[in-house]
Every structure is written in C-alpha cells, then in structure tokens.
Amino acid sequence: MNVFESPDFDHHEAVAFFDDKKTGLKAIIAIHSTAMGPACGGTRMYPYATPDAALTDALRLSKGMSYKNAIADLPLGGGKAVIIGNPATDKTDAKFAAYADAVNSLGGRYVTAMDVGILPADMPVIARGTKYIAGYDQPGKAGTSDGWHIAKAQGLPERLITSIRMDPTNPSTVYVTLAGYGRDWAFPGAVGEDTSKVGTGHVFKSTDAAATFTDISGDLPDAPAAWTALHNGHVVVGTDTGVYESCDNAGGAYSVLGSGLPSAPISTLRFKPGDPDLLVAATYGRGIYTYRFGDDSGRCAANVRTTGGTNKPCATASGFKRGARVRHPEYGSGVILTIEGSGDAEKVTVYFDRAGRKKFVARFANLSPA
C-alpha cells in the first residue's frame, strides 16, 4: 500500500519504516503531529498478518494520540510505533537496541512508551539505547520527570482522588483528598457496589512519599473533600460543605475558616502569586471568593507537628460546625448550613430532613449532635 493512498493517512508529518536485517527488527513509527510538542505514544508489538495491517494501526493510533494528548492539555503531539512480531517469542535485547536506534534517528520528534505487547520489563532494555522514552518505572532524578512509579499508598481507600498536594518544604509529605460518599446522603453500597475497599475519611496524609497514608479527616463533616493547602503550618481543606482549617499540619481538629466563604462545594484552593496570605477559593456554581489570613493568634498559634500531640480548636465558637448533623426536639435531624456572627449574636441555619430550612439564635437553638 502506498502510504499516501491509505484511507487512514491524515497528513501525518512523518511515517518511518525500519528494517534491520541483523536483528530482524521490522518497525513503523508514525508521527501525526508535533504542533503541541514532541509526538508521544506507545510502542505496540503484534504479529500483524501483513505490513499493510501494521501501517494502518500506526496511522490510526498516532492520530488518536494527537487528540488524547491535546484533550489532556499535555505539551505533546501524537505518535505511535508498531513492531511486527510475536511478543511471546520474538523479543531480544538486540532487537530492542535496534529499535532504540530507530527512535534516536528521529532526533527527539518521537517519544516512545508502552503499549500492547511491550511489558514494563522491556522498557529499561529499550531505555539503555535512547533517552526519548517515558512511562515506566525508573530511578528518580531530582528536577526531572524521571522516576514515575505507582505509589504503594497503603492506608488510602480506593475512591476517586480529587487532589494530591505536596508540602512545598518537604516533598515526602503528601496530602490527598478523596471524593465519594457523604454517608448521611449516599451510604456505601446504596447502589449495590463493592464496598470492601471504600474505607472512611476524605483527607489523608503521608510522610514517606506516598508509601503509607494516615486519615487526618478528624472532625470534618463526612462529605467529599476536593483540595488542601498549607498556610503557616496549618492544613486548609476545601470540601463539599465549605473551607476548614486545622491548627497544625497533622489535621484532626478543624474549624470553619473565617467568615464570608460560602457553604458550597469547593473545587480548588490557591494562594495568589506573590501574596501568600490571600487565599482564592473556587466553588462549583457559587463563583470565586478570596480570604485574607490575618494574625494566627486570632484563630490559633501555629503548632507544626507530624505525630502525637493534641489538637486545639482554631477558633472560639459555640460548638456548632458547618456541615455537622444535628437533632432538634421538634424538627428532627438536619445539617448545619451556615453560622453567622459570634457570642450572644451567633445564629445558625439548619436544613432539616423533614422541616426544611430553619434559622436559630445559637444559644437558644436546643440542638444536639445527631
């Protein structure tokens, strides 16, 4: 088949054919586009019935990688390689060395990775001959993307991860937030799913580079969390019920952060560049808010620790927490939506399961934990 006449040819920038008689390598590398960066895509090893079938696969898959990388907003173009051969019987170190030379001949326009027929054990063999390779376990190198691996993450429940944040002063300290169940609204197993590894908690911390995790959700509302940030030794958490702050970097005891931030699902928390005291909180459907941190003594003094110790409250309050479940002798069970004011003037708004929204003066509210 003439490559230009193939129905799958989409003005690919380059299609290279490699035939190494000494090692038996027969390979095709297709570069669909480098508009977004070097073409990146896996190498597939398969016993194609004909060379035309191998070409068709390379053309189709490389085009698909252009779109995949673009959708993921990666600085990469689309490419793909195929090696004609049986992956169970035709692999040799010499063949992979010849393939590495083929990748090098493209001068960095194509970066290879794993695909069907290529195993993790094969990648270091190929990597001995080329630096244009990605997507496999390799020794870490500071300041580079080398060293990607699947973290052991022992202690971390198997639920949707919403954010992964490193302590900027210690990259071995990692905070993870989880979505999933708010057990008062959608309990695990509600639709018959496997719950054996769901676990509990929505905020977790690791001090060993994600090898193990500890649940630091503490007294946060049992609702999905989306983001964490660190400010002056305090953990700040964005959840589906608003923003909360712990008095240290170990979590456990939290209070609603300041006033003015909405009781709404938070999508991200960021500090304004150049202003480490101005927090920007983005919400789902309620806009973007800012909060300026003041003197910590108004909430609590920083108490940086990693283990042990006792958390103290970040603010003096009536004991009510936004997002907490409460019970009223007349209205039944509900969840606290907002807390306004302080002292004798503090007011609390509750949404009751049966009676709807009600507002109380906190000291006369007659509410108890549900």
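Does any residue of the stretch 141-150 turn out to be at pLDDT below 95, over 28 Å from Gly37 (Cα atoms), small (Gly, Ala, Ser) and surrounded by fewer than 18 Cβ atoms within 10 Å (Cβ to Cβ)?
No; the residues of the stretch 141-150 include none that is at pLDDT below 95, over 28 Å from Gly37 (Cα atoms), small (Gly, Ala, Ser) and surrounded by fewer than 18 Cβ atoms within 10 Å (Cβ to Cβ).
Mind telling me which of the residues Ala58, Ala16 ends up being out of contact with any Cys (no Cβ under 6 Å at 6 or more places or on another chain) and either without any contact (Cβ under 8 Å) to a residue 24 or more places away in the chain or assigned to a strand (DSSP E or B) (or both)?
After ruling out the rest, the residue left standing is Ala16.
Just the residues that are over 20 Å from Val348 (Cα atoms) and surrounded by 19 or more Cβ atoms within 10 Å (Cβ to Cβ), please, taken from the stretch 254-272.
Within the stretch 254-272, Ile266, Leu269 meet the criteria.
Let me confirm something: among Val348, Val304, which residue is buried (at least 16 other Cβ atoms within 10 Å of the Cβ) and modelled with pLDDT under 90?
Val348
Do the conditions hold for Asn69, that is, is it among the polar types (S, T, N, Q) and touching a Leu at 6+ places or on another chain (Cβ under 7 Å)?
Criteria met by Asn69.
Out of curiosity, is His32 modelled with pLDDT of 95 or more and assigned to a loop (DSSP other than H, G, I, E, B)?
no
Just one of Gly251, Gly238 is in contact with a strand residue (DSSP E or B) (Cβ under 7 Å, 6 or more places away or on another chain), at positive phi and either buried (at least 19 other Cβ atoms within 10 Å of the Cβ) or among the polar types (S, T, N, Q) (or both); which is it?
Gly251
Looking only at the stretch 84-97, how many residues end up being crowded, with 16+ Cβ neighbours inside 10 Å, of a type in the set (A, V, I, L, M) and part of a helix (DSSP H, G or I)? Lay out the reasoning, then the answer.
Pass one, the stretch 84-97, residues crowded, with 16+ Cβ neighbours inside 10 Å: 84-85, 87, 90-91, 95-97.
Okay, now just the ones that are also of a type in the set (A, V, I, L, M), so 84, 97.
If we keep only those that are part of a helix (DSSP H, G or I) as well, we get 97.
Matching residues across the stretch 84-97 total 1.
Touching a helix residue (DSSP H, G or I) at 6+ places or on another chain (Cβ under 8 Å), more than 21 Å from His149 (Cα to Cα), free of Cβ contacts under 8 Å to residues at least 40 places away in the same chain and not in a loop (DSSP other than H, G, I, E, B): does that describe Ala100? Explain how you work it out, then say what you get.
Working: touching a helix residue (DSSP H, G or I) at 6+ places or on another chain (Cβ under 8 Å): yes; more than 21 Å from His149 (Cα to Cα): yes; free of Cβ contacts under 8 Å to residues at least 40 places away in the same chain: yes; not in a loop (DSSP other than H, G, I, E, B): yes.
Considered against the rule, which asks whether it is touching a helix residue (DSSP H, G or I) at 6+ places or on another chain (Cβ under 8 Å), more than 21 Å from His149 (Cα to Cα), free of Cβ contacts under 8 Å to residues at least 40 places away in the same chain and not in a loop (DSSP other than H, G, I, E, B), Ala100 comes out as yes.
Only residues that are β-branched (Val, Ile, Thr) and surrounded by fewer than 24 Cβ atoms within 10 Å (Cβ to Cβ): list them for the stretch 29-46, please. Break it down into steps so the answer makes sense when it comes.
Of the residues in the stretch 29-46, the ones β-branched (Val, Ile, Thr) are 29, 31, 34, 43.
Selection gives Thr34 alone.
So, in the stretch 209-235, of the ones that are free of Cβ contacts under 8 Å to residues at least 60 places away in the same chain and out of contact with any Lys or Arg (no Cβ under 9 Å at 6 or more places or on another chain), which residue ends up surrounded by the fewest Cβ atoms within 10 Å (Cβ to Cβ)?
Of everything passing the filter in the stretch 209-235, Ala209 is surrounded by the fewest Cβ atoms within 10 Å (Cβ to Cβ).
The values are calculated or read from the model by the stated rules, or taken from the named source; none is laboratory data. Predicted, not measured: the structure shown is a model, and the values here were computed from it. Cβ coordinates were reconstructed from backbone atoms using ideal geometry, including for glycine residues, and neighbour counts include every protein chain displayed.
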